[in-house]
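Okay, so here's the structure we're looking at.
The values are calculated or read from the model by the stated rules, or taken from the named source; none is laboratory data. Only a predicted model underlies this, so the values are computations on that prediction, with no experimental measurement involved. Quick reminder, even Gly has a Cβ in these numbers, built from the backbone with ideal geometry, and neighbours come from all protein chains shown.
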């Protein structure tokens with residue numbers, strides 16, 4: 001039969017540790033693969049060493065079962081846990097938690113801050129009272145147990161209590177049983193009673209159990225508890241009493257009578273518990289009794305309770321609906337099945353929904369489990385962060401690669417352009433050199449047209465009649481060029497001065513330049529008289545060659561006074577050039 005998920009369950013009893021490995025079938029069933037049961041020291045003086053001893057024994061069992069670690073469901077012993085059954089009126093669901101919190105503070109005999117507590121709703125309906133199971137354990141005791149479990153390499157998942165784990169195992173394996181059943185768990189320090197009915201449960205702990213027998217034997221024989229425990233296991237049985245013959249060995253007979261006496265006291269407490277259950281919990285009288293726990297296998301224990309209670313008595317079988325693997329020791333299981341109730345009940349918490357699902361996890365386990373639940377989100381967030389970094393890294397790597405490739409392409413063009421620039425620079429130098437040679441030639445060529453342009457411009461602006469030009473003389477710096485001294489004196493005697501700075505373009509720095517033209521001519525006697533010369537002056541204002549100030553006529557025209565005795569009259573014009581011409 002195929003099995004899948006591994007389930008580990010651990011029962012931390014007062015004197016016995018039980019560790020079992022189960023597997024969950026694909027259909028949801030439970031398979032027992034193997035288990036181990038180990039006793040720890042019973043001496044009270046050894047309590048200070050209990051955690052170290054628990055870790056050592058638990059590690060040995062894990063080695064035998066080849067368990068390296070993993071998640072585990074474990075149960076604390078019933079005597080460490082305070083349990084109270086409270087009935088509440090039928091109220092709305094949102095009010096139940098507040099009422100239960102109040103009841104917990106009222107019923108738990110310790111400060112609520114010093115305990116780990118929980119509750120479970122049992123039975124009840126719309127018109128019925130609600131039964132609440134309140135359980136609490138001192139936080140420091142639970143931390144000690146939990147530290148021992150974690151030191152062995154196991155990771156706590158569910159923390160239950162032994163009586164409730166037994167209850168889940170019973171309901172799973174005896175779901176077909178009707179009426180009231182009494183489960184008597186005779187442990188080392190206490191006997192836990194479970195009254196089980198459909199939709200009802202009641203638990204009570206009696207401080208009479210296996211250690212009570214051991215203590216009585218030790219007192220009777222004057223032995224240590226360890227020696228008394230060995231005597232109980234070797235010689236102990238429940239004396240039948242009455243007409244039955246006693247054993248030949250007087251020590252065995254004495255031990256059997258001690259066991260019977262202790263069990264008689266337990267029977268009395270059991271009867272009081274039944275009366276209490278029927279009176280205060282409105283329960284029914286038990287129809288049957290199931291025995292379990294380490295002391296339940298004491299010889300003639302079933303016969304004793306059957307004689308006292310007059311009810312069907314049988315050993316509790318928690319493997320009734322649980323499969324057993326071929327690798328499990330079948331012969332050992334047959335003798336110790338009644339000791340596996342807590343282990344089966346703990347494993348069922350992982351396999352299926354149970355009627356009692358208490359989980360008294362210490363604060364450290366709650367934090368660890370919360371971290372485990374958040375771990376996928378943290379891992380996802382870390383993965384997203386790493387992917388983002390990788391994405392940005394790829395992006396920047398790609399961008400750098402593209403930039404490098406683009407730079408290489410641009411650099412190749414830049415290199416070509418630099419080569420072209422070098423060629424252009426060389427050509428510019430050659431051009432400048434040629435310009436230095438060609439400029440004088442070009443200037444000479446341009447200056448060769450000087451006089452034709454002057455004559456053409458003067459002629460173009462000359463009035464059509466009554467005036468003509470008789471003489472042209474070039475000027476440089478207000479002085480005529482190319483005339484004798486006498487003629488120069490006549491021309492310079494004219495009050496017209498050389499052009500002021502800014503009126504005409506300065507002469508070229510290579511030498512003297514022609515910067516003006518002296519014009520001499522005649523005009524006929526005419527109705528306009530000298531006005532014809534003024535008209536000529538005005539026409540020359542628009543010339544492209546001469547720089548003439550239209551508002552300074554006296555500077556350009558030499559005045560002459562016409563007479564009635566002559567037929568023509570002279571005039572003179574001093575014209576400044578816009579662009580002086582260099583004299584070669």
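Brief remarks on what is shown
- Flag if residue 330 is under 24 Å from residue 186 (Cα atoms) and free of Cβ contacts under 8 Å to residues at least 24 places away in the same chain: yes
- For region 427-454, a residue qualifies if it is exposed (fewer than 12 other Cβ atoms within 10 Å of the Cβ) and either touching a residue at least 24 places away in the same chain (Cβ under 8 Å) or at positive phi (or both), and exactly one does: 444.
- When every residue of region 83-99 is checked against the conditions, at least one turns out to be within 44 Å of the chain's Cα centre (by Cα), surrounded by 15 or more Cβ atoms within 10 Å (Cβ to Cβ), at pLDDT below 90 and assigned to a helix (DSSP H, G or I).
- Any hit, region 169-188, residues being under 49 Å from the mean Cα position of the chain (by Cα), within 21 Å of residue 305 (Cβ to Cβ) and not in a helix (DSSP H, G or I): yes
- Filter result for residue 457 (touching a residue at least 60 places away in the same chain (Cβ under 8 Å), buried (at least 16 other Cβ atoms within 10 Å of the Cβ), in contact with a strand residue (DSSP E or B) (Cβ under 8 Å, 6 or more places away or on another chain) and at positive phi): no
- Positions within region 101-114 being touching a residue at least 12 places away in the same chain (Cβ under 8 Å) and either in a loop (DSSP other than H, G, I, E, B) or surrounded by fewer than 19 Cβ atoms within 10 Å (Cβ to Cβ) (or both), in sequence order: 103, 107, 108, 109, 110, 114
- Filtered by the rule that a residue be closer than 29 Å to residue 336 by Cβ and part of a helix (DSSP H, G or I), region 278-301 gives 294, 295, 296, 297, 301.
- From 49, 61, 1, residue being in contact with a strand residue (DSSP E or B) (Cβ under 6 Å, 6 or more places away or on another chain) and either modelled with pLDDT of 85 or more or surrounded by fewer than 20 Cβ atoms within 10 Å (Cβ to Cβ) (or both): 61
- Taking the conditions (1) within 30 Å of residue 84 (Cα to Cα); (2) surrounded by 13 or more Cβ atoms within 10 Å (Cβ to Cβ); (3) touching a residue at least 60 places away in the same chain (Cβ under 8 Å) in turn, residue 215 satisfies each one other than (3).
- Scanning region 199-249 for residues that are assigned to a helix (DSSP H, G or I) and within 24 Å of residue 274 (Cβ to Cβ) returns 210, 211, 212, 213.
- Looking across 365, 414, 372, one residue alone is at negative phi, part of a helix (DSSP H, G or I) and at pLDDT below 85. It is 372.
- Here the helices (runs of 4 or more DSSP H) wholly within region 473-584 that include at least 2 residues being modelled with pLDDT under 75 are 485-492, 553-556.
- Checking 348, 319, 360 one by one, the residue that is in a helix (DSSP H, G or I), within 27 Å of residue 35 (Cβ to Cβ) and touching a residue at least 60 places away in the same chain (Cβ under 8 Å) is 348 and no other.
- Every residue from region 302-316 that is free of Cβ contacts under 8 Å to residues at least 60 places away in the same chain and either surrounded by 19 or more Cβ atoms within 10 Å (Cβ to Cβ) or in a helix (DSSP H, G or I) (or both): 302, 306, 307, 308, 309, 313
- Each residue in region 268-301 was checked for being closer than 26 Å to residue 133 by Cβ and touching a residue at least 24 places away in the same chain (Cβ under 8 Å), and 21 of them qualify.
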